[in-house]
Amino acid sequence: MDDASTDNSREIIAHYAALDSRIKPFYLPNNNGAIAAFNLGFDKIKGELCYGSAADDYICNPKFFELVTDQLQQHPDAAGVSLKTLVINAETGEELWDMGVGKWRGYLGPNECLMAFFEENLFIPGSSSIWKASLVKQIGYHEDLGPQCDYFVNHVLPALSGVCFVDEIAITMRKAADNFSAKATDEEFFVRHALVEHRLREACSSQIILPEVIENWRFSLINSRLAITRQELFISTTRDFYQQIQPWEADSLSKRFASCREYLIEQMDALEIELREQRTHAEAIFKRIAGD
């Protein structure tokens, strides 16, 4: 799918399509955005399995498709198969971390997948996962989820039909500061994740999830975005340091140090208020969209 690109993408696509008849290029006359373009292309899929690869991903394991089909033959009820993704710095090529699979091996059933997701033991990267096309079409990619549209699919499908895990790196992903996900504001991030939670719980309404599990999941997500625990540690450490200064020591401190001390204490108070407001606002978004 070429979403009315303005560079030489069409020439590159046409070159490879001429070399391999399995490549079916579609050129959109107007730019529709990443999700709309993907949905237009997805409607044209005729195969049983689908794999979506972004411009910053590339397959680094020649056995990727073989490993997937082997797993699905062993576990035909699974929604798909997930392997690991290696994340590298887009500028330097430095290996940063790998993601996916975690402690899981082989097939994991629907109930276990849903609970593992909300207990934060499960993250399935779409970059190294292949799904049954028929199941993806039932769920669809929701434009209002923005960069989290595949995040929803990658976790609701396992929660409905289970998934197979293979402990091998299959994909290399280049991490850049200007990718699709990185452009989202805090407000957009929380709204979209609240929608993911709402729709995931709705799709799996027959499964019981304890309120405290949901609460912990929400806090972890908010914390990952706002670095709450890290900021709280900095605030408390700074305060503790200055509070430990004894009265007899204070008399020996320079005026510059004393001035700096007062300034930092004021800043810690301001940071604490700001952080509390950010957290309260994020929690309100989840409550409004996803409920109690």
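The values are calculated or read from the model by the stated rules, or taken from the named source; none is laboratory data. Remember, it's a predicted structure, so these values are computed and weren't measured experimentally. Counting neighbours? That spans all protein chains shown, and the Cβs are built from the backbone with ideal geometry, glycine included. Just so you know, the surface numbers come from the protein's heavy atoms only, side chains and all, with ligands and any DNA or RNA stripped out. Shrake-Rupley method; radii C 1.70, N 1.55, O 1.52, S 1.80 Å.
Here the dipole of the chain is about 540 debye; that uses its Cα centre as origin and unit charges on the Cβ of Lys and Arg (positive) and Asp and Glu (negative). Taking the Cα centre of region 104-235 as origin and assigning +1 to Lys and Arg Cβ atoms and -1 to Asp and Glu Cβ atoms, the resulting dipole is close to 340 debye. For the chain, the relative contact order works out to 19 percent when only alpha carbon pairs closer than 8 Å and six or more residues apart are counted. Over all orientations, the chain has a Cα convex hull whose mean projected area works out to 20.4 square nanometres. Annotated for region 1-119: lysine pairs at least 8 residues apart or interchain, Cα distance under 20 Å, count 4.
What's the carbon and sulfur percent of region 231-292's accessible surface, probe 1.4 angstrom, rounded to a whole number?
Carbon-and-sulfur percentage of accessible area, whole number: 54.
One chain, two ends: Phe42 and Lys287. Fully extended at 0.36 nm per residue, the span grows by 84.9 nm beyond their Cα-Cα distance. In the full protein context, the chain carries 58 Å² of accessible surface per residue, based on a 1.4 Å probe and ignoring ligands, DNA and RNA. 222 nm [θ] for the chain, helices only, -39500 (n - 2.57) per DSSP H run of 4+, per residue, to 500? It lands at -16500 deg cm²/dmol. With no solvent and one equal point scatterer placed on each C-alpha of region 189-277, evaluate the Debye formula and give log10 I(q)/I(0) for q = 0.16, 0.19 Å⁻¹, two decimals. Here the Debye-derived log intensity ratios amount to -0.77, -0.92. Among complete DSSP H helices in the chain, those whose alpha-carbon atoms stretch at least 20 Å along the helix's long axis and whose mean Kyte-Doolittle hydropathy reaches -1.0 are 186-203, 211-226, 228-243, 255-290.
Roughly speaking, to the nearest percent, how much of region 55-186's 1.4 Å accessible area is carbon and sulfur?
Here it works out to 50 percent.
Across the alpha-carbon atoms of region 37-93, the computed radius of gyration and Dmax are 14.1, 41 angstrom.
For region 91-105, backbone phi angles converted through the Karplus equation (6.51, -1.76, 1.60; θ = phi - 60°) give residue-by-residue couplings of 7, 9, x, 5, 6, 9, 6, 10, 9, x, 6, x, 8, 8, 9 Hz, Gly and Pro being listed as x. Stretching the chain fully between Ser5 and Thr185 yields a gain of 62.3 nm (0.36 nm per residue, less the alpha carbon separation).
Tell me, what is the FRET efficiency for Arg174 and Tyr107 to the nearest 0.05, using R0 = 30 angstrom and their Cβ-Cβ distance as r?
Given R0 = 30 Å and the Cβ-Cβ separation, E is 0.45.
When only Cα pairs below 8 angstrom with a gap of at least 6 residues are kept, region 72-217 shows a relative contact order of 35 percent.
Normalising the Debye intensity of region 1-86 to I(0), with uniform scatterers on Cα atoms only, and taking log10 at q = 0.13, 0.20 Å⁻¹ returns -0.56, -1.15. The residue among Ile285, Ile214, Ser129 whose Cα reaches farthest toward the positive pole of the charge dipole of the chain, with charges on the beta-carbon of Lys, Arg, Asp and Glu, is Ser129.
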